[in-house]
Amino acid sequence: MRHVINPYENINDTARNNSDCPRVLLPEELFFTISIIGVVENLIILLAVMRNKNLQAPVYFFICSLAISDMLGSLYKILENILIIFRNMGYLKPRGSFETIADDIIDSMFILSLLGSIFSLSVIAADRYITIFHALQYHSIVTMHRTVIILSVIWTFCIGSGITMVIFSHHIPTVLTFTSLFPLMLVFILCLYIHMFLLARSHARKISTLSRANMKGAITLTILLGVFIFCWAPFVLHVLLMTFCPSNPYCACYMSLFQVNGMLIMCNAVIDPFIYAFRSPELRNAFTKMIFCSKYR
């Protein structure tokens, strides 16, 4: 799966020589530090929801699902760095069976991070849609039982897809499937959001009577979606270029930015918790209680 996760390593030598763009390298220490911060921040999100009964609602469970996806993206880089350290110290045989298995597990975590983020944002968008346009029926539609079932189905599918993509990673259809999931699910999310805001505009008077918190929640998730696109789209484009034009010097020039694209993914896990805290007073209060170690009611 290395040729999918780190496609720059497989760029055609001719294309690399013809390209005037040197490979952009970033310190591994920077990756490691940002990954640690991402894990800690998203772990705080999970602990806040688990320990605060006021936050144990469907929408916060969906946010926890997104936090888990972000955390997996950070853990992927941490484990990869640890693996490289052990290999450099001579504890691992290069390209040995253990390293191959470890690589596959780490790559599965990376794929889980992408798929989990896509599906988590999708269900959050659907949740906001129901909150705004079916507010009176919301609690009968979005129950905790249904929330648990939805999240179970999502993560079962993501785990199965991640394992399948790693096993069949050397097949072109697998790479195409991996890259197509991002735009397909993105189109679904964007269509849902566009429909939601068009309805909000056409029913302005009705929407104005609803709680401002509902509309604020929709705006928050729109911000999350924008950050997700900004941080993940460069990498997905990277993989597409590696698949369709690996020998093109212009493609090789873009792929020289692989580590920069990887850094954006790491930053996504760091930015999301700040969005939760900035936009949600409930989470902000929960963070404050956790920081000062006060008792939860």
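The values are calculated or read from the model by the stated rules, or taken from the named source; none is laboratory data. Bear in mind that the values here come from a model prediction, so they are computed numbers and not experimental data. Positions of Cβ are generated from backbone atoms using ideal geometry, with glycine treated the same way; all protein chains shown enter the neighbour counts. The protein model used for the area step is the full one, side chains on, heavy atoms only, and it has no ligands, DNA or RNA in it. Shrake-Rupley method; radii C 1.70, N 1.55, O 1.52, S 1.80 Å.
Gain on full extension, evaluated as 0.36 nm per residue between ARG51 and ILE275 minus their Cα-Cα distance, stands at 78.6 nm.
Express in nm, to one decimal, how much length is gained between ILE130 and ILE219 on full extension, taking 0.36 nm for each residue of separation and deducting their alpha carbon distance. Could the numbers behind the result be given before it?
Numbers: separation 89, 0.36 × 89 = 32.04 nm, distance 1.43 nm.
Residue separation times 0.36 nm, minus the Cα-Cα distance, leaves 30.6 nm.
Between GLN137 and SER180, the C-beta separation translates, for a Förster distance of 25 Å, into a calculated FRET efficiency of about 0.10.
Please compute the length gained on full extension between HIS195 and SER97, using 0.36 nm multiplied by the number of residues separating them and subtracting their Cα-Cα distance.
Numbers: separation 98, 0.36 × 98 = 35.28 nm, distance 5.00 nm.
Result: 30.3 nm gained on full extension.
Loop-located chymotrypsin sites (Phe, Trp or Tyr not before Pro) across the stretch 64-147 with a Cβ neighbour count of 12 or fewer within 10 Å are TYR91, with loop assigned by DSSP.
Per residue, the stretch 26-122 exposes an accessible area of 46 Å² to a 1.4 Å probe, with every protein chain left in place.
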